[in-house]
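*Asks:* This is the structure I have questions about; it appears just below.
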Protein chains: 2
Amino acid sequence: MTGKVRASVSIKDIARAAGVSPSTVSRALHSHPGISAETGDRIRLLAEEMGYTPSLPARSLVTRDTATIGMVITHASDPFLARLVVGVEECARSEGYAVFLSSSYRDAEREQEVIRSFHERRASGVIVTGSQIGTGYLELSQRFPLPIVLTNCSGYPYSVSTDNQAGAQQAVEHLVHSGHRRIAYVSNQRSSRTNRERLAGYRAVLQEHAIPVDDDLVLEGDGTLEGGARAAQQMLASSQPPTAVFCFNDMAAIGVIHAFNRADYRVPHCCSVVGFDDLELAGYYCPPLTTVRQPSYEIGRRAMRMLLKLIQGREDVQTEILPAELVVRETTRPVPRSARKEKGR
Amino acid sequence: MTGKVRASVSIKDIARAAGVSPSTVSRALHSHPGISAETGDRIRLLAEEMGYTPSLPARSLVTRDTATIGMVITHASDPFLARLVVGVEECARSEGYAVFLSSSYRDAEREQEVIRSFHERRASGVIVTGSQIGTGYLELSQRFPLPIVLTNCSGYPYSVSTDNQAGAQQAVEHLVHSGHRRIAYVSNQRSSRTNRERLAGYRAVLQEHAIPVDDDLVLEGDGTLEGGARAAQQMLASSQPPTAVFCFNDMAAIGVIHAFNRADYRVPHCCSVVGFDDLELAGYYCPPLTTVRQPSYEIGRRAMRMLLKLIQGREDVQTEILPAELVVRETTRPVPRSARKEKGR
DNA sequence: TATAATTGTGCAAACGTTTGCGGGAGCCGC
DNA sequence: GCGGCTCCCGCAAACGTTTGCACAATTATA
């Protein structure tokens, strides 16, 4: 059982105190024309004194607008969200919207529950990151009759993503150009579209360079530190560990580096590692992480702009795909000539 | 200018379709007694078919309860929030509340704005982490007539915190027991109460062991990677760098370790470092970070329970202070006997 | 001075719900 | 056949706003 809110002063209370009608108070507070300056000032002063705060639920009932956008995130401290959320908040703010976050914990049911919760509160629209439902929203659109834009789900018509495949290709190109041929990939959950795209990039580069793709070299991960570490254990247990590994994201990369270090399989001396995202942390890890940078602030900003268009009923929107950029730091390096001979092919 | 929400099906639409009155629909949807099973089923089916989602704003207007709690966080990807938010969400959920997050960016004005935003939406209560206002809420209580509980602000009557001073003492004790005598502290923003408490703990231990506290050894930081790195630069530039440093939190600690490493001032060989928080990342850093663990899940859970009490109008609540726990990993080690001789005292 | 335009304010409906109260229909027992 | 009871359901008020319209008072125009 939930509890009641403390009594708040209403527009009627002010009206009574000022000896005017509620409508006059409403108009005064909005500085409508047609209210004398004197009454207006008196009412506004009174409202201030009485500690009046308008009730948005009541207001939204008649205006049919909550000026609220909901954002579903994976969890509160997902480091990938840092710049992305700033992007959406800044954009939303400048248009008079407030944004509220709620976490899905990468669970499809929770995600739907959160969306429903936003809809019940009549949010103007929602942005979802790390969706487990993805293109499934196309069928759910009458269940959730509110504008939804996704990030990193290029199959959904209202989405903005980074070019995952191209980003992955840059990463793997970098590795093969450094002489690596046994290159592993540690994945995200299989179902993830983003994962499929990055995996495709990985495979494309290998094929292009006539390097056989060895299925034992694609490890199951989940985008977490722990998942990365687990994948690293598997690699270490193999008879012929890779000399380089490309990871779904930076967290996984840190997980594998950590596990490699523990096993004295040094990065980058024994093995190169590259991540994805370019978290702020990446530059502070040891060694500083080579990774591919997502323009996450820009993703957030554009997602919000797209959502605004949808809210306004405009349909001239289309999926946006933003470029990724490889940033080379210190977890990658050329394989030594000697090693290249024995390990090559 | 914000935009209107798409038309939703209302209880009246269902009533019309079912040939009954709105009140009957309402009662049917809530499975009130006094509605025949047949009509009830018919209405519920119809509601499902028509894609009805109740309007919480409208509902809350009459029930005077939004079943919503607001949580203000510093920013979306603050790693300290990981377990804390889970704690409040799980507790809230079990009591039928939804929780929404909004970021303050450690700015007092933004923080007030967020609180006001929650109050306008008639949230039942709010929890704020990393408050810049702190005990200032005591004076703001009539401006924000809704229950507020703070975390890590032990001066505020409705708060749950970790025992910062005791935690800091454990950390510094550990360092002096390892033979260190030149121990630095890298702080958070000065104003922060949490910072003052940890600093007090630091000073207390030094005094207890008759180690003079050198003001040059308390460095200004801000709890970020970058701030930690800056503080490290300062220490390195000094004529006599410390042999150990205690940091306000893990992020700062990682920042100093990173900067130390860059300068080939190895951790822990040349210098021990201990953080605060025990982020998940701490165990994955290299070397794995010695730190003091905050019971952050428990903080979240208790904060939410406290808030629930306040919402119910109970006043039998009081500040809670939870114990911290030192976890020793690999960024600290005894100072070598030789060094102890030349550096000691 | 009568009329028209202007200015300031109030009335009432509406938004989508919930809920106390009253009332009609059916049934029972006498 | 009548009173009483139970079972379903509708009426209407209320929550806190906004807003179209009417209206009274004041001022400008003829």
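The values are calculated or read from the model by the stated rules, or taken from the named source; none is laboratory data. Source: prediction; values computed, not measured. Reconstructed Cβ throughout: ideal geometry from the backbone, glycine too, with neighbour counts over all protein chains shown. Side chains included, ligands, DNA and RNA excluded: accessible areas come from the protein's heavy atoms. Shrake-Rupley method; radii C 1.70, N 1.55, O 1.52, S 1.80 Å.
*Asks:* So what is the relative contact order for region A:11-54, in percent, with contacts set as C-alpha pairs under 8 Å and at least six apart? Don't skip to the answer; put the middle values down first.
*Replies:* Details: 34 pairs, mean separation 16.9, N = 44.
Relative contact order, region A:11-54: 39 percent.
*Asks:* So how far, in whole Å, is the C-alpha centre of region A:100-142 from the one of region A:15-35?
*Replies:* Region A:100-142 and region A:15-35 have Cα centres separated by 39 Å.
*Asks:* If a/c stays under 1.5 just call it rounded; otherwise compare a/b with b/c (prolate if a/b is bigger, oblate if not). Do that for region B:214-311, with a ≥ b ≥ c from the square roots of the Cα gyration tensor eigenvalues. Let's see the in-between values first.
*Replies:* On the way: a/c = 3.11, a/b = 2.13, b/c = 1.46.
In terms of gyration-tensor shape, prolate.
*Asks:* By how many degrees, between 0 and 90 and to the nearest 10, does the Cα long axis of helix B:108-120 differ from the longest principal axis of chain B?
*Replies:* Taking the Cα atoms of chain B, the angle to B:108-120 is about 20 degrees.
*Asks:* Related question: Run through the other copies and list how far each one's label point is from that of A:Gln312, in nm with one decimal, shortest first; the point sits 7 Å from Cα along Cα-Cβ.
*Replies:* So the distances to the same position in the other copies read 4.9 nm.
*Asks:* Averaged per residue, what accessible area in Å² does chain A show with a 1.4 Å probe, protein chains only?
*Replies:* Working: 14640 Å² over 345 residues.
Per-residue value: 42 Å².
*Asks:* State, to one decimal in nm and shortest first, how far the label point of A:Ser94 sits from each corresponding label point in the other identical copies (label point: 7 angstrom along Cα-to-Cβ).
*Replies:* In nanometres, ordered from closest: 4.4.
*Asks:* Right, here's the next one. Could you pull out the trypsin sites (Lys or Arg not before Pro) across region A:1-72 that fall in loop regions by DSSP (anything but H, G, I, E, B) with no more than 16 other Cβ atoms inside 10 Å?
*Replies:* Numbers: sites: A:Lys4, A:Arg6, A:Lys12, A:Arg16, A:Arg27, A:Arg42, A:Arg44, A:Arg59, A:Arg64; in loops: A:Lys4, A:Arg6, A:Arg64.
Counting only loop positions with at most 16 other Cβ atoms within 10 Å, the trypsin sites (Lys or Arg not before Pro) in region A:1-72 are A:Lys4, A:Arg6, A:Arg64.
*Asks:* Same structure again: For the pairing of chain B with chain A, what total accessible surface becomes buried, with a 1.4 angstrom probe, in square angstrom to the nearest 100? Write out the running numbers ahead of the final one.
*Replies:* Details: alone 17930 and 17950 Å², together 29270 Å².
That pair of chains buries around 6600 Å² in total.
*Asks:* Name the GluC sites (Glu not before Pro) in region B:107-198 that are in a loop by DSSP and that have at most 14 other C-beta atoms within 10 Å, would you? It would help to have the intermediate numbers written out before the result.
*Replies:* On the way: sites: B:Glu109, B:Glu111, B:Glu113, B:Glu120, B:Glu139, B:Glu173, B:Glu197; in loops: none.
Sparse-neighbourhood loop GluC sites (Glu not before Pro): none present.
*Asks:* Quick one: pull the percent of accessible area on region A:11-54 belonging to carbon and sulfur, 1.4 Å probe, ligands and nucleic acids left out. Working shown, then result.
*Replies:* Details: 1390 of 2650 Å².
Answer for region A:11-54: carbon and sulfur cover 53 percent of the accessible area.
*Asks:* Going by the alpha-carbon gyration tensor, a ≥ b ≥ c the square roots of its eigenvalues, is the protein assembly as shown rounded (a/c under 1.5) or, if a/c is not under 1.5, prolate (a/b greater than b/c) versus oblate?
*Replies:* Details: a/c = 2.31, a/b = 1.36, b/c = 1.71.
It comes out oblate by the Cα gyration axes.
*Asks:* Could you give the angle, 0 to 90 degrees to the nearest 10, between helix B:37-49's Cα long axis and the longest principal axis of the Cα atoms of chain B?
*Replies:* Result, in degrees: 60.
*Asks:* While we're on this one: Per residue of region A:236-252, in order, report the coupling 6.51 cos²θ - 1.76 cosθ + 1.60 (Karplus, θ = phi - 60°) as ³J(HN,Hα) in whole Hz, putting x for Gly and Pro.
*Replies:* Each residue of region A:236-252 in turn: 5, 6, 6, 5, 9, x, x, 9, 8, 9, 9, 10, 4, 8, 5, 4, 4 Hz.
*Asks:* Taking the Cα centroid of region A:195-259 and of region B:194-221, what is the distance between the two, rounded to the nearest whole Å?
*Replies:* Measuring centre to centre over Cα atoms gives 45 Å.
*Asks:* Could you tell me the accessible area of B:Thr224 in Å² (1.4 Å probe, neighbours in place), rounded to the nearest ten?
*Replies:* Around 50 Å² of this residue is reachable by solvent.
*Asks:* Just to verify a number: FRET efficiency for B:Asp264 and A:Cys270, C-beta to C-beta distance, R0 = 25 Å, to 0.05? Before the final figure, lay out each step's value.
*Replies:* On the way: r = 22 Å, r/R0 = 0.86.
The computed FRET efficiency comes out at 0.70.
*Asks:* Please list, or write none, the aspartates and glutamates whose alpha carbon is within less than 13 Å of the alpha carbon of A:Lys309, excluding same-chain residues fewer than 8 places away.
*Replies:* Partners within reach: A:Glu95.
*Asks:* Between A:Ala17 and A:His32, 0.36 nm times their residue separation minus their Cα-Cα distance comes to what? Please list the in-between numbers first.
*Replies:* Working: separation 15, 0.36 × 15 = 5.40 nm, distance 2.01 nm.
Here the segment from A:Ala17 to A:His32 would lengthen by 3.4 nm.
*Asks:* Let me know the shape class of chain A, please: from the alpha-carbon gyration tensor, a ≥ b ≥ c as square roots of the eigenvalues, rounded when a/c is under 1.5, otherwise prolate if a/b is greater than b/c, or oblate. Please list the in-between numbers first.
*Replies:* On the way: a/c = 3.10, a/b = 2.81, b/c = 1.10.
It is prolate, given that a/c is not under 1.5 and a/b is the larger ratio.
*Asks:* Kindly give the distances from B:Val176 to its copy-mates, label point to label point, with each label point 7 Å from Cα along Cα→Cβ, as nm values to one decimal ordered shortest first.
*Replies:* For B:Val176, the other copies' label points sit at 6.1 nm, shortest first.
*Asks:* Continuing with this model, one more query. At a Förster distance of 22 Å, what's the computed FRET efficiency of A:Ala200 paired with A:Glu109, Cβ-Cβ distance as r, to 0.05?
*Replies:* Values: r = 29 Å, r/R0 = 1.30.
Here the calculated transfer efficiency is 0.15.
*Asks:* Separate question: When the helices in chain B are scored as -39500 (n - 2.57) per DSSP H run of 4 or longer and the sum is shared across all residues, what 222 nm value do you end up with, to the nearest 500 deg cm²/dmol?
*Replies:* Numbers: 13 runs with 147 residues, N = 345.
After summing the helix terms and dividing by residue count, I get -13000 deg cm²/dmol.
*Asks:* Now for a separate question. Reachable aspartates and glutamates from B:Lys12, Cα under 18 Å, same-chain residues fewer than 8 places away excluded?
*Replies:* Correct list for B:Lys12: A:Glu120, B:Asp41, B:Glu48, B:Glu49.
*Asks:* Which FRET efficiency value, to the nearest 0.05, is calculated for A:Glu95 and B:Leu140 with the Förster distance at 41 angstrom and r the Cβ-Cβ distance?
*Replies:* Working: r = 28 Å, r/R0 = 0.68.
My answer for the efficiency is 0.90.
*Asks:* Using alpha carbons only, how many degrees (0 to 90, rounded to 10) separate the axis of helix A:81-94 from the longest principal axis of chain A?
*Replies:* 30
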